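Encoded as structure tokens, the structure appears first; notes follow it.
Each value in this text was obtained by applying a stated rule to the coordinates, not by laboratory testing. Owing to the predicted nature of the structure, the values given are computational and were not obtained by experimental measurement. Cβ atoms come from the backbone with ideal geometry, glycine included; neighbour counts cover every protein chain shown.
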Amino acid sequence: MRDFSGDHRWLSINTATLRVQWPLDRIIDECAQRGIRAISPWRDQVAAVGLHVVAQRLRDTGIELSGYCRGGMFPATTPEARQRALADNRRAVDEAKTLNAPCLVLVVGGLPGALDGTPAHKNIAAARSDVRDGIAATLAYARSVGVPLAIEPLHPMYAADRACVNTLEQALDLCDELDPERSGALGVAVDVYHVWWDPKLQAQIARAGRPRLLAFHVCDWLVPTRDLLTDRGMMGDGVIDVPQIRRWMEDAGFSGYSEVEIFSSENWWKRDGGEVLDVCIARHRSAV
């Protein structure tokens, strides 16, 4: 396993970690000043600054992307809504291409309407069918422009509203169905917050192998957790054995960035952005 204790060469910052403190252009500049070589921005943050402005800022600073957040949200109740979702995913692919992202991360969606508090139905099998069809359609376009798609399984507590793909095994089953040749066009984003509990995790990471392991997200699970969406912990502050999961990833062939992604309304989002980045660097060396 790579030794991270001496530097932060393989640290990436998911820009949600600092979305409250700074706009994206400031995040890029602050990362560059600290020798952080990669980020993973969110589409709304890019839109707020301007896609081509962000692309130029990345070129100017030499910062690259470890991923782009996010596509997905495929399930719908009408053909028109499904087409809108596919069109939005094509735009996300185009943005990822413009920013030279190594993958577009997919948060696939759950029951239609559930994210707004009004689920249209209770048929999760139908939602999963929509997800399969949506990924298949998006993959055809993404493959044509050279942007890999990374399915991110989310913890089962998000099955209703954010993602009905909840285990790495489910995500890899979709990959094997839609990309049986293991071309590198379709893979997974492994976020320790969502998968650390899975008794099949080590075996499924090994099953994925290098062609499917497109992104690795790190944070920690706090005990107690005060909010299941916005109370993630900094690495080392909770119960996830992050170095063990990284070992499994690297044993399977992953050699990319460890991307810090922390949603923290009561702690890290209330701190100075510079302090947050400095702690990310320190914990990358000691707890990842």
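The table for this structure:
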read-out	value
Longest to shortest principal axis, alpha-carbon extents of region 98-162, angstrom	36, 19, 18
For the chain, convex hull of alpha carbons as volume per residue, Å³	121 Å³
GNM flexibility winner over the chain from L213, L115, L11 (Cα, springs under 10 Å)	L115
Evaluated over region 1-95, the Cα radius of gyration and Dmax, each in Å	15.9, 53
Candidates W221, W196, W22, ranked by Gaussian network fluctuation over the chain, Cα under 10 Å, top entry	W22
Percent antiparallel among DSSP beta bridges (both partners in the chain, rounded to 5)	5 percent
Label-point separation, D60 to E250 (7 Å along Cα→Cβ), nm	3.5 nm
Counting all C-alpha pairs of region 87-127, share separated by more than 14 Å (%)	58 percent
Label point distance in nm, S5-A206, each placed 7 Å from Cα along Cα→Cβ	2.7 nm
Per-residue Cβ neighbour rank within 10 angstrom, fewest leading, S129, S258, S264, S12	S129, S264, S258, S12
Theoretical FRET efficiency, 1/(1+(r/R0)^6), r = Cβ-Cβ of D29 and N123, R0 35 Å, to 0.05	0.15
Under the span-like rule (Cα at least 24 Å along the axis, Kyte-Doolittle mean at least -1.0), DSSP H helices of the chain	124-145
